[in-house]
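Report on the structure given below.
The values are calculated or read from the model by the stated rules, or taken from the named source; none is laboratory data. Predicted model only: the values in this text are computed from it and were never measured. Because the Cβ atoms are built from the backbone with ideal geometry, glycine has one as well, and the counts that use them run over all protein chains shown. Each accessible area value is taken on the protein alone, full model and side chains, heavy atoms only, with ligands, DNA and RNA left out. Shrake-Rupley method; radii C 1.70, N 1.55, O 1.52, S 1.80 Å.
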Amino acid sequence: DGLPVARAEEWVEGGSSMNYYSRGYPVGFIGKGNRYYLNNHIRLQVAINPTGEENSYNVVGFVVEPFSFDHQSNPELCEKGLNKETLDYSNLLTFENPKSVKFSYDVTWEETNMPWSQRWDIYMHGSGGDQIHWFSITNSSLIVLFLTALVAMIMLRALRSDIAKYNATDIEDSKDESGWKLVHGDVFRPPQKLSLLFPALIGTGIQLLVMIFLVLIFAMMGLVSPAQRGNLLTCTMLLFVLMGSFAGYHAAKIHKVFRGTSWVKVTILAAAFLPAICFTVFSIINIALSIVGSTAAVPFSALLTLILLWLLVQAPLVFLGSYWGFKKELPEQPVRTNQIPRQIPPQPWFLQPYVALPFGGILPFGAISVELYFIMTAVWMQQLYYIFSFLFLVMIILILTSAEISIVLCYFQLCAEDHRWWWKSVCWAGSCSGYMFLYSVWYYMQDLDMDGIVPTLLYFGYSGLISFCFALITGTVGFFSCYWFISKIYGSIKVD
């Protein structure tokens, strides 16, 4: 059933140690004198459990122990049985002086009482950080929930006071108004820059958000499993393609809010923008892998399948969703938009991009920073990630945090009489992707030991792509939360 080979390892920290298992085994290691040695002998330890029938067993364990051994130096030693105590550096196989390599193996069988249903348990316990994982997730969740409740309480108290003051103001005193009510005639003015790209990005963000939630739900239900190689990735790609109608629908609705008529151009952007970026990055990495002769390079037939999947499935779904979104009647906006834009006064220092963007991203990133470490360890260190219920909770906290921080910054900006909130609402919450990419750089320097241009290109190519998709998701959450917030507050005041 695809049970991978496991290798016993020991995790040591602070005088304490713990044994755990990792998938696969290294092809070699760096030993004494900074010399490279090749593991050319493996010992397979197969654990079997009787099924109850005569001469019938189930394989419930598959452990490997690698050795480096030069068969030409002492061939009799291999026949007697290798072990770590009898081998020294004179018997190990180095990469020096190119020569033919002899590979060998031996097998041991061990009968055990482990039931068939528990054969995957050893892969589910990572290296000692599991206890830190549980504690940190709980701790960060409580902190983020507390900050979210605190911010919401402050915002509701301030808004209640503002709305009561604005509604109690006489017509004669309206000239002395200040704050967010002054920009009521410009707050729904469409953005002047990249007005076609904006709906496409928001539609793609909705598509990614729905895809991620469905993947997490399927993983929690056990319908997809990270233990099966490629199972989770295949499910993610199929769901992304099938959720194309969500991208078209919301892109068309937002373009209609902008009073635009170029719905075909917006639909093409929504259907092709992210797939084009992903395909470009993937093609560059695949070409680099092909040049070095790596077996990880994807054949042309697989690339052609992805292109056909996009052309024949996703693109038609995006156009179908766009047709529905453009035909749907929009609710009336709470305030009218003036013909002449209002002049924007100088903004305070805390609303400048170099302050607001880092501040807007730090809290959402704090909600996922601990979980991000374990996800990256599972991806790059051959560990299994299986706590999808906790990941689902972290996603909920991330969405709440992104929405709250976007609403707070939007409120401060409107109070400063700046109505240009469309793109900023995306950038405030989306800026946490910058922290995410910086974290991947730190992880590369701290925990990974990669040599060569191609592995580095593969790591940073996929890290940058994931960070960009993460920016689309959080930016979309920030936009919709700000749009809902603005519609509510301007629908609660009297405007002459």
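Observations
- Modelled label positions at Ala276 and Asp447, each set 7 Å beyond Cα in the direction of Cβ, lie 3.5 nm from each other.
- Too-long pairs where the Cα-Cα distance tops 20 Å, listed order kept, from Lys265/Lys328; Lys327/Lys488; Lys193/Lys256: Lys327/Lys488
- Residues Glu9, Glu332, Glu371, Glu111, ordered by accessible area of protein heavy atoms at a 1.4 angstrom probe radius and largest first, appear as Glu332, Glu111, Glu9, Glu371.
- Protection-proxy order for peptides 436-443, 252-259, 235-242, each taking the mean of Cβ atoms within 10 Å per residue, highest first: 252-259, 235-242, 436-443
- A simple rule links phi to the HN-Hα coupling: the Karplus curve 6.51 cos²θ - 1.76 cosθ + 1.60 with θ = phi - 60°, which for the range 314-319 gives 5, 4, x, 5, 5, 5 Hz, with x for Gly and Pro.
- Note on Thr236 and Ala296: the model spin-label points, each 7 Å out from Cα along the C-beta direction, lie 1.4 nm apart.
- Listed peptides 427-433, 283-289 appear in the order 427-433, 283-289 once ranked by packing, highest mean of other Cβ atoms within 10 Å at the front.
- In sequence order, the range 295-305 has phi-based couplings of 6, 7, 5, 8, x, 5, 5, 5, 5, 5, 4 Hz under the Karplus curve 6.51 cos²θ - 1.76 cosθ + 1.60, θ = phi - 60°, and Gly or Pro positions carry x.
- Accessible area (Å², per residue) of the range 403-480, counting only protein heavy atoms and a probe of 1.4 Å: 38 Å²
- Protection proxy ranking, peptides 37-44, 103-110, average beta carbon neighbours within 10 Å, highest first: 37-44, 103-110
- Heavy-atom accessible surface of the range 401-466: percent carbon and sulfur, 1.4 Å: 70 percent
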